[in-house]
Amino acid sequence: MKVLVIGSGGREHALSWKIAQSDLVEKVFVAPGNGGTAIEKKCENINIKADDFDSLLKFAKNNNIDLAVVGPEDPLAKGIVDAFEKNNIKIFGPNKAAAMIEASKAFAKDVMLKADIPTAYYSEFSDFDSAKSYVVEKGAPIVVKADGLAAGKGVTVAKTIEEAVKALEEIFIEKIFGESGNKVIIEEFLEGEEASYLAFTDGDTILPLVSSQDHKPIYDNDEGPNTGGMGAYSPAPVVTEDIFKFTTEKIAKPLINELANRGITYKGIIYAGLMITEKGPKVLEFNCRFGDPETQPILYKMKSDIVPIILAAVDRQLKNTSVEWYDDTTVCVVIASGGYPKSYNKGYEITGIDSAEQIEGIKVFHAGTKLENKKILTNGGRVLGVTGRASNLQEAIEKTYSAVKKIYFKNMHYRNDIGKKALRR
Ligand code: AMP
Ligand code: GLY
């Protein structure tokens, strides 16, 4: 088979690496890919951006692509799956209507309400004055969310009324998120520990992946501004067996059933960002794709060939499919460019990746890197995801950080406490 992976981050390197390991696969093209996919076995980068549907389709047809796999939410929300399906090319991911679970928080909340999925209480607003009155009436802490896609920046967890009102001003008056801020969701502040639940689905069956936990703030002890994610590990002990089952039965299944009631067949990955509260798990958000960096430790833990599972999801045959995992715990530490998530420089040479990978049970997934004159250079905010595997979490953490310490580039930054919350349990 020839596979086309769409995207350029750490998630897409992990997907390409895992897909390339399948005996069914002879070649993986990655559009546009990164420095890691440029040198990965069986992989080749092609210079087409993830949102250039016409060029992607043309490439897929001209090169007899058997399966396309989409990483990021933007092309999904814009309908890349609909475009490929119209041309009879197999593609893994939700269509435009299904991707609304991530692309519109108001839609996601409405689905949750109808399906009785546990989530924070909320109200929806489309003008500043009524939103402000609501915030003043409810008081702080309170959470303000722009409705549409905002590159992970649309959520304000406001500790004071003033902070919430400022967020509303930015969304409705300054229009910092453009159309994505035409509506807002204002919701109850939830307390607890966060975790990520991902599952394959074909619209009928839910086939869960292992639990994981992301680390969103830039600094240790969850301080500083939020990022795309500074590290993750799997499994996450906060997700007990009971919570995991509850999430499958009372969150994931009702979600796809409610979508089916609305005439939407969801195929691909569903990702529930959970807050594990005293009263059980509640959904903070749905994503319509694999998480980044959760995918790196999850796929490093997966024993099964991923390709038959992806094909079963596309062909609506998941009920006959299972997935096997290594017993090990996996950890991914993200190394970022100094300055990220604000401004940072690019183009620094990265050294030590090879010696990091010489450690048994270590794989370095690239994110913002590029290959130039046989050198790997930094090319983004999140640069690498150093991923390690060991028989327990403590060892996996130690091994992963020993690999991180072999790597160097100018102004690099990483968190020193990935996985610590789970160790405390
Ligand atoms: P989201 O993009 O909806 O996942 O929100 C980003 C982050 O904001 C989450 O990872 C949480 O840390 C936080 N957050 C979102 N909604 C809530 C909520 N209702 N209560 C507390 N924190 C929240
Ligand atoms: N790691 C958070 C996300 O992928 O949305």
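The values are calculated or read from the model by the stated rules, or taken from the named source; none is laboratory data. Owing to the predicted nature of the structure, the values given are computational and were not obtained by experimental measurement. A quick note on method: Cβ atoms are made from the backbone with ideal geometry, for glycine too, and the neighbour counts reach across all protein chains shown. Each accessible area value is taken on the protein alone, full model and side chains, heavy atoms only, with ligands, DNA and RNA left out. Shrake-Rupley method; radii C 1.70, N 1.55, O 1.52, S 1.80 Å.
Restricting attention to the range 205-264, which residues are polar (S, T, N, Q) and farther than 19 Å from residue 296 by Cβ? Even if it seems obvious, please write down each step before you answer.
First pass over the range 205-264, keeping only residues polar (S, T, N, Q): 205, 211-213, 221, 226-227, 234, 240, 247-248, 257, 261.
Answer for the range 205-264, where residues must be polar (S, T, N, Q) and farther than 19 Å from residue 296 by Cβ: 205, 221, 240, 247, 248, 257, 261.
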* Residues in the range 114-152 that are in a loop (DSSP other than H, G, I, E, B), within 16 Å of ligand 2 (Cβ to nearest atom) and either surrounded by 18 or more Cβ atoms within 10 Å (Cβ to Cβ) or aliphatic (A, V, I, L, M) (or both): how many? -> 4
* Might you let me know whether the range 247-267 holds any residue that is in a strand (DSSP E or B) and either touching a residue at least 12 places away in the same chain (Cβ under 8 Å) or away from ligand 1 (no atom under 13 Å from the Cβ) (or both)? => no
* Asked: For the range 53-108, how many residues are open to solvent by less than 60 Å² (accessible area, probe 1.4 Å), of a type in the set (D, E, K, R) and in a loop (DSSP other than H, G, I, E, B)?
  -> 0
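Yes or no, residue by residue, for (1) within 27 Å of residue 363 (Cα to Cα); (2) within 16 Å of ligand 1 (Cβ to nearest atom); (3) more than 17 Å from the chain's Cα centre (by Cα):
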site: 270; (1), (2), (3): yes, yes, no
site: 273; (1), (2), (3): yes, yes, no
site: 278; (1), (2), (3): no, yes, yes
site: 287; (1), (2), (3): yes, yes, no
site: 292; (1), (2), (3): yes, yes, no
site: 297; (1), (2), (3): yes, no, no
site: 301; (1), (2), (3): yes, no, no
site: 305; (1), (2), (3): yes, no, yes
* To do: Sort out which residues of the range 170-191 are within 13 Å of ligand 1 (Cβ to nearest atom), at pLDDT below 95 and assigned to a loop (DSSP other than H, G, I, E, B), and write them in order of number.
  => 177
* Examine the range 161-169 for a residue that is near ligand 1 (Cβ under 10 Å from one of its atoms) and either among the basic types (Lys, Arg) or not in a helix (DSSP H, G or I) (or both), and state whether such a residue exists. => no
* Structure fact -> Going through the range 325-342 in order, the residues found to be open to solvent by 50 Å² or more (accessible area, probe 1.4 Å) and either outside any loop (DSSP other than H, G, I, E, B) or modelled with pLDDT of 95 or more (or both) are 325, 326, 327
* **Hits in the range 364-406 - residues which are open to solvent by 60 Å² or more (accessible area, probe 1.4 Å), within 15 Å of residue 354 (Cβ to Cβ) and not in a strand (DSSP E or B)** => 374, 405, 406
* With respect to residue 303, is the statement that it is among the charged types (D, E, K, R), more than 16 Å from ligand 2 (Cβ to nearest atom), under 28 Å from residue 68 (Cβ atoms) and in contact with a strand residue (DSSP E or B) (Cβ under 7 Å, 6 or more places away or on another chain) true? -> yes
* Asked: So how many residues does the range 192-216 have that are open to solvent by 20 Å² or more (accessible area, probe 1.4 Å) and either within 14 Å of ligand 1 (Cβ to nearest atom) or modelled with pLDDT under 95 (or both)?
  -> 5
* Are any residues in the range 396-416 touching a helix residue (DSSP H, G or I) at 6+ places or on another chain (Cβ under 7 Å) and either of a type in the set (Lys, Arg) or within 16 Å of residue 382 (Cβ to Cβ) (or both), and if so, which ones? -> 406, 407, 414, 415
* Asked: Using beta carbons and a limit of 9 Å, which pairs, at least six apart or on different chains, have the first residue in the range 1-17 and over 11 Å from residue 36 (Cα atoms) and away from ligand 2 (no atom under 13 Å from the Cβ) and the second one in a helix (DSSP H, G or I) and acidic (Asp, Glu)?
  -> 5/12; 6/12
